[in-house]
Structure formats: C-alpha cells, structure tokens
1. For the range 111-173, with equal point scatterers placed on the C-alpha atoms only and solvent neglected, what are the log10 I(q)/I(0) values from the Debye formula at q = 0.20 1/Å, to two decimals?
2. Pairs of alpha-carbon atoms within less than 8 angstrom and 6+ residues apart define the contacts here; what relative contact order does the range 99-207 have, in percent?
3. Each residue of the range 62-75 in order: what ³J(HN,Hα) in whole Hz does its phi give by Karplus 6.51 cos²θ - 1.76 cosθ + 1.60, θ = phi - 60°, with x for Gly and Pro?
4. Can you compute 3J(HN,Hα) from phi for each residue in the range 128-143, using the Karplus curve 6.51 cos²θ - 1.76 cosθ + 1.60 with θ = phi - 60°, rounded to whole Hz and x for Gly and Pro?
5. Can you check what the net charge comes to around Gln104, using other residues whose Cβ is under 14 Å from the Cβ of Gln104 (Lys, Arg +1; Asp, Glu -1)?
6. Evaluate E = 1/(1 + (r/R0)^6) for Asp149 and Glu204, where r is the Cβ-Cβ distance and R0 equals 35 Å; express this FRET efficiency to the nearest 0.05.
7. Which order do peptides 144-155, 234-245, 69-80 fall in by mean Cβ count within 10 Å, highest first?
8. Arranged from highest to lowest average of other beta-carbon atoms within 10 Å per residue, in what order do the peptides 130-138, 216-224 appear?
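The values are calculated or read from the model by the stated rules, or taken from the named source; none is laboratory data. The shown structure was predicted, so the numbers you read here are calculated from the model rather than taken from an experiment. Cβ placement follows ideal geometry from the backbone for every residue including glycine, while neighbour counts extend to all protein chains displayed. Side chains included, ligands, DNA and RNA excluded: accessible areas come from the protein's heavy atoms. Shrake-Rupley method; radii C 1.70, N 1.55, O 1.52, S 1.80 Å.
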Amino acid sequence: MRIPRSTQSGMTALLQNHSARINGEVRKLEIQAITGLKVNKPSDGPTETAAALRLQGLVGDQEVFQRNAVQATSLLAVADDALGQVSNIFKRAREIAIQGGSEQFNAGDRESLATEVSVLREQLTALSNTRLGDRYIFSGTDYNTEAFDSSGTYGGSTDTPETRISQNQWADVGFDGSDVFQGDVDAFALLEDLEDALNNNDPETVRGQIGDLESGAQQAIDWREVAGHTYKTVDDAAATAESLGAVLLTELGELVNADPAETYTRLAELRQNYQAAMQVGATTASGTLFALMR
C-alpha cells in the first residue's frame, strides 16, 4: 500500500521537530554540565531568572552591610581607645590637683606640676584629633577636617556621620567632638585653668577644681560607653548580615546550580533519544524515497 505523500511529509516534519527539540535540550544540558548552572540565560527559565536576580540583589545588600559594619567597628574601636586615654588624662589631672592643692607644696613644686598639665593638654588635643587613616573620628561629618586646634577651638561639624548596617538599621561612625570634649564640661578649659592656677601658686583655686576634673573624666567614660554600645550593635549586625548572606547564597545555589549527577544522567538519556530519533528519521526518509520511486 502506498503511503500518501501528505502523511509521509507530516511524519517527516514531526520527526524533524522532535529531533530538533531533543537536540536543543542536549545543547542546554551540555552548557549546564560545563557551567554547573541550570539557568545560563533568561530564556532558560524566566521565573528562575527573576528569582535569581532578586536573591543576587539581597546577597549584594548583605555584603555591603558587612563591609559597612567592619569599617564602623574599626572606627569605634579606635574611638574607644582614645576616650579611654582621655579619661586617664583627667584622672592624672585630678591627682595633680590634689597634690598642687596641698599646703605642703611650694611655688616651685606647683610650677613643675603645671608643666605636666601642659603636656596633658597637648595629649588631649592629639587625642581629640584621633584619625583612622585620613578620617578624623571626632569631627562629625567634616571628617576630613581636624577636630580641634591647639587652643581647643572646634573646627568640625555638629552633625554625626552614619552608615547603613542592615535593611532598617543605621549606626554612627563618628562623633561630634564639641559634644564629646565640650559637652557638660569643656575638657580643654579645665586643663588650662588648672595649669594657670598652678603657675599662679594658688592652692585654693587648685583644690576647687578637683570636682570639675572628676567630671571631665566621667564625661570621657560616658562617651566611651556610647562607643562601646554602638560597637556591640554594629558587631551584631555584621554577624547577622554574614549569616543571612550565607542563607541567601544557599537559596541562590539551589535555584541556579545544576546537580552534576542529574545533569549527566539526563544528558546521556537525551543523547540516546536523539540518536534513536535520527535513526527513525533516516528510516522514514528511506521509506519515503522508495515510495516515491515506485
């Protein structure tokens, strides 16, 4: 029985389309085997591509939050150390005031103590201009500007710089030096007044400054606690960003990474199917040619 040409053509077209589809899947799996990815271009899976892009964005956010947190903890650690030294300066200044206020000390003794206070003032100025790299920590948002000059005049900003450490969380990464050093008490003025009283051989005035010097030490301690609390908050945020980033990367991997064993097994199956389709196609083409020749 002769097979109608229309039927033969339809069968041939069907086999060609089937072979082409299998060949396309083979090529797709070959690319997956090479790259290790299930999605190598948007057409491989529009839904998966959209989800992968969203996850990639979230992973990128966590990386930014981590970098910001690392920089913030570095700044806060330096600030903590500086403020600890400032509190020590005022503890020593208080000791000097107790000594200088004693009636057992004479003018020469107080003059020597005044020289030490002068050194403490220089140290205080240096600490107020503490930097991390080129960034002045106590200059507010003007962190490229020196915070205080030698006279104790503030040259920074009263605004505090911030950095983002999570989706809904920001942290201070600097300080308004006028609050830190001239808030409740003016740290520079306290040491200057103590130095003047010692040079003037005025033990009564020196004794009267002891309480203010204690306040100077406490002011530094209070700000050190602020820095420490912020450090803890930032450090926790960094750990959260790291953990969340790892979870998101796992989800992204599960979405786009191809399973090697599954990929190669499926690839072998499709190659066999493709060869079988090609053989059927060759047989059909031969039968068609024979039918046409009759």
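1. These q points yield log10 I(q)/I(0) values of -0.78.
2. Once normalised by length, the contact order is 31 percent.
3. Values per residue, Gly and Pro as x: 5, 5, 5, 4, 5, 4, 4, 5, 4, 5, 5, 5, 5, 4 Hz.
4. Values, residue by residue: 5, 9, 4, 10, 10, x, 9, 9, 7, 6, 9, 10, x, 6, 8, 6 Hz.
5. Local charge sum for Gln104: 0.
6. 0.65
7. The most tightly packed comes first, giving 69-80, 234-245, 144-155.
8. In descending order of packing, they fall as 216-224, 130-138.
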